[in-house]
Amino acid sequence: MKRISITAWIFIGMAAGIALGVFFPGFSKNLTPISNIFLRLIKSVLAPLLFGTLVAGIAGSGSVKTMGRIGGKAILYFEIVTTLALLVGLAAVNIAKPGVGVPLDRSSGEQLASAPPPSIGQLLEHTFPVSVIDAMAKGEVLQLVVFCFMFGAACVAVGAKAKPIVEWAESLAEIMFRYTHYVMLSAPFAVCAALAATVGAKGLGVLLGLGKLILTLYVSLIVFVLFVLVPVMIICRIPIRRFYEAVKEPWLIAFSTSTSEAALPIALENMEKFGVPKHIVGFVLPTGYSFNLDGTTLYLSLASVFVAQAAGVDLTIGQQILIMLTLMLTSKGVAGVPRASLVILSGTLVSFHLPVEGVALILGVDAVMDMARTSVNVLGNCLASAVVARWEGVDLSKPPVEQAVLTVSH
């Protein structure tokens, strides 16, 4: 009998988790430690894996100029795609009007408003690590990227003397990929526990209270994937079937755990197997975790106007465009901010004199929406690495092994 894949086991775990949450809610509430253990193990992978892949990749590129060019292309792509995500979110919320008729409780949002979003200067300052050890301990992905980029550039500049360090980084990356494989064996149990605890604590009713908002977000994310990301694949001649095979597992992990970090190690490994060079995927994917959060930026534009609709505030097109321009800047720091998108959303509402109580209203169903936006974040970042690779002239039409065989035969 054909062996069941890890992806199939994760789907089984999701179904089992929902069933446990519905039929045994009391028991299910106590399963949170199982999913937390999985997330802790995944977080233990991030720092050494990023260090190994980035340093080996940047040193392997052979040129700081090459990495600068890749970085410029990645940032340009990030800006274009996240702007389109914001536009899709605004269009969806104006067409569906999910906030109309939703009552706001103005007594529950004050605590959320007390945490203002960081300024652009603070975000820029936060990008640079005081200590790489501290950045590793806190899981500050962007700080690690900055340190590893400079460390890898120094390895290139030193040349032959840095060869032992570069070889050690390559070995470290391979070891951490194997470590990730072992951790992923527990993923179906973690997914089952996470969904069981959520459904057990909040019930399936959490999907019904603000069903129109949830439906609007899910439909708009599907539209974004079909009418933005898929055309990008076609234009850049990225094989859609092979890309789907490469991203389905990290996408599913992100969806079921609502955590981008949980999907990063397997996404790095799968995109490298897909054919994206190590120095590109090792730089673009982690950087995208701060600059290319397609699902989150779409959600933020949708949620901001939703709160205005619920409060009975009629925003003009100009005001909505101004909100979009504000989110284009503030959403870049989502990954490094505690309570992430909710903090950015509350700051945006305060800035435009909208009731911050709307955040408390959304909070009840945020876990359900977080699953969708996080999975699209991961999908968008995987695609970004493939696009930059194509932009650099890499042929992704065949797996790397096939390409190597063809090269040898000629």
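Each reported figure results from applying straightforward, stated rules to the coordinates on display, with no laboratory input. Note that the coordinates shown come from a computational prediction; the quantities given were computed from them, not determined experimentally. Cβ sites come from the backbone with ideal geometry, for glycine too, and all protein chains shown count toward neighbours.
Anything over 21 Å Cα to Cα? Flag those among Lys65/Lys278; Lys29/Lys212; Lys163/Lys398; Lys163/Lys278; Lys273/Lys398; Lys278/Lys398, in the order listed. Numbers along the way, then the final one.
Values: Lys65/Lys278 16 Å; Lys29/Lys212 27 Å; Lys163/Lys398 31 Å; Lys163/Lys278 17 Å; Lys273/Lys398 11 Å; Lys278/Lys398 16 Å.
Checking Cα-Cα distances, Lys29/Lys212; Lys163/Lys398 exceed 21 Å.
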(request) Could you quote the convex hull projected area for region 181-282, Cα atoms only and averaged over all directions, in nm²? (result) 7.9
(request) Go through region 292-306 residue by residue and turn each phi into a ³J(HN,Hα) via Karplus (6.51, -1.76, 1.60, θ = phi - 60°); whole Hz please, and just put x for glycine and proline. (result) 9, 8, 4, x, 5, 5, 4, 4, 5, 5, 5, 5, 4, 6, 4
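When you count, for each residue, the other Cβ atoms within 10 Å and take the mean per peptide, how do 257-267, 25-35 rank with the highest first? Before the final figure, lay out each step's value.
On the way: 257-267: 24.7, 25-35: 16.4.
Result, highest mean first: 257-267, 25-35.
About the Cα centre, and with charges only on the beta carbon of Lys, Arg (+1) and Asp, Glu (-1), how big is the dipole of region 1-89? Nearest 20 debye, please. Mind dumping the intermediate values first?
On the way: 8 positive and 1 negative charges, 43 e Å.
Here the size comes out at about 200 debye.
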(message) Along its three principal axes, how long is region 17-104 when you only count alpha carbons? Whole Å, largest extent first please.
(response) 57, 41, 22
(message) Can you divide the C-alpha Rg of region 247-292 by 2.2 N^0.38 Å and report the result to two decimal places?
(response) 1.09
(message) Explain nothing, just compute: Karplus ³J(HN,Hα) = 6.51 cos²θ - 1.76 cosθ + 1.60, θ = phi - 60°, for every residue of region 224-232 in order, whole Hz, x for Gly and Pro.
(response) 4, 5, 6, 10, 10, 5, 5, x, 4
